[in-house]
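To start, the structure itself, in structure tokens.
The values are calculated or read from the model by the stated rules, or taken from the named source; none is laboratory data. None of the values given here were measured: they were computed from a predicted structure. Neighbour counts run over all protein chains shown; Cβ positions are idealised from the backbone, glycine included.
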Amino acid sequence: MSSRILVVMIIGLVLAPFAFAQSVPRSVKPEDLEKYWVLMKASVQGDAPLGGKNMDQAGCAAVSFIVEGNGRASNITVEKVEPPGDLGKLATSIAEHIEFEPTISNAGRDRVFSSLIFPFNLPDDPDARQAIMEKCVIPARRWNPKKPEN
């Protein structure tokens with residue numbers, strides 16, 4: 001084997017992990033998510049835990065996630081639940097099932113980090129609905145992968 005081929009193979013082995021590394025997702029505010037990805041309404045479904053705490057109460061859950069290039073959510077994190085209870089489990093299930101389609105401006109299917117608020121059992125009164133939803137508003141944040149604990 002010539003030394004030139006050996007050098008090329010070593011360089012290839014050294015650089016291979018970088019070729020497969022995913023890009024850091026773009027962080028977008030929830031109100032800007034639709035500029036990159038459109039939520040497919042038919043995909044909004046979830047599995048509710050049987051006998052869960054406060055499942056019959058009016059409430060909401062804020063969930064952050066990454067929309068991957070295939071339109072599916074990953075790295076799902078429940079950020080806030082009101083009232084405290086098992087609505088967060090339902091919100092996680094919904095986030096695991098939702099699908100997105102890229103917008104024309106996101107033809108490259110860029111990954112984005114964002115969040116959504118899922119409402120549950122909201123009353124008919126618009127002011128009461130707004131008051132409940134405001135309890136789940138979280139500040140906009142940037143993607144910050146958690147480091148594994150040793």
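Annotations for the structure displayed:
- Residue, surrounded by the most Cβ atoms within 10 Å (Cβ to Cβ), within segment 70-114, restricted to residues that are among the basic types (Lys, Arg) and in a strand (DSSP E or B): Lys80
- Top-ranked residue of segment 54-69 - restricted to ones that are farther than 20 Å from Met133 by Cβ and out of contact with any Ser or Thr (no Cβ under 6 Å at 6 or more places or on another chain), ranked as surrounded by the fewest Cβ atoms within 10 Å (Cβ to Cβ): Gly69
- Applying the set (1) modelled with pLDDT under 85; (2) farther than 30 Å from Asp125 by Cα; (3) part of a loop (DSSP other than H, G, I, E, B) to Leu50 leaves exactly one unmet item: (2).
- Residue within segment 21-44 that is modelled with pLDDT under 55, farther than 17 Å from Glu101 by Cα, of a type outside the set (Asp, Glu) and in a helix (DSSP H, G or I) present: no
- Test result for Ile117, surrounded by 16 or more Cβ atoms within 10 Å (Cβ to Cβ), of a type outside the set (S, T, N, Q), touching a helix residue (DSSP H, G or I) at 6+ places or on another chain (Cβ under 8 Å) and touching a residue at least 24 places away in the same chain (Cβ under 8 Å): yes
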